[in-house]
Amino acid sequence: MEAAEAAGAADFADGPEALTVLTTTDSEAGARELARGAVEARLAACAQISGPVTSVYRWKDAVETAPEWQVLFKTTPPRYAALEDHLRAVHPYETPEIIATPVVRGSADYLRWVAEETAPGGARTE
């Protein structure tokens, strides 16, 4: 048995059991609202806010530089579409950054917690 398996790590041959989803917004208060709304709706188990970061991007034929706050959500593939829909509905940007990255390995206990916390209707197994 590999050390990671012995320590309770999960490896997913059939695809990820969790995703990290990144977005950015223009204020710390806005980032907190995005994070809280997604967690309250059970679209994400948790969210981490980092910032400010400096973003440089092209928008409407001009290169812009602006401070932003990153929000990193932890969710599951079945909840991704609802999380994306929620973010699009409440996000202040016309074209928000919403990028999902699969979690290819992780602590089995943590990933189970993510699945439980994002289960529709709050179907937790604790």
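The values are calculated or read from the model by the stated rules, or taken from the named source; none is laboratory data. Everything quoted here is computed from the prediction, not taken from an experiment. Because the Cβ atoms are built from the backbone with ideal geometry, glycine has one as well, and the counts that use them run over all protein chains shown. Ligands, DNA and RNA are stripped out before the accessible areas are found, and what is left, the full protein with its side chains, is counted by its heavy atoms. Shrake-Rupley method; radii C 1.70, N 1.55, O 1.52, S 1.80 Å.
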E64 neighbourhood, Cβ < 12 Å, K/R = +1, D/E = -1, net charge -1
Can you give me the solvent accessible area of V103 with a 1.4 Å probe, rounded to the nearest 10 Å²?
30 Å²
In square angstrom, rounded to the nearest 10, how much accessible surface does D61 have for a 1.4 Å probe?
150 Å²
Sorted by accessible area (1.4 Å probe), largest first, how do K60, K74 line up?
K60, K74
What is the sum of charges around Y93, taking Lys and Arg as +1, Asp and Glu as -1, for the other residues whose C-beta is under 11 Å from the C-beta of Y93?
-3
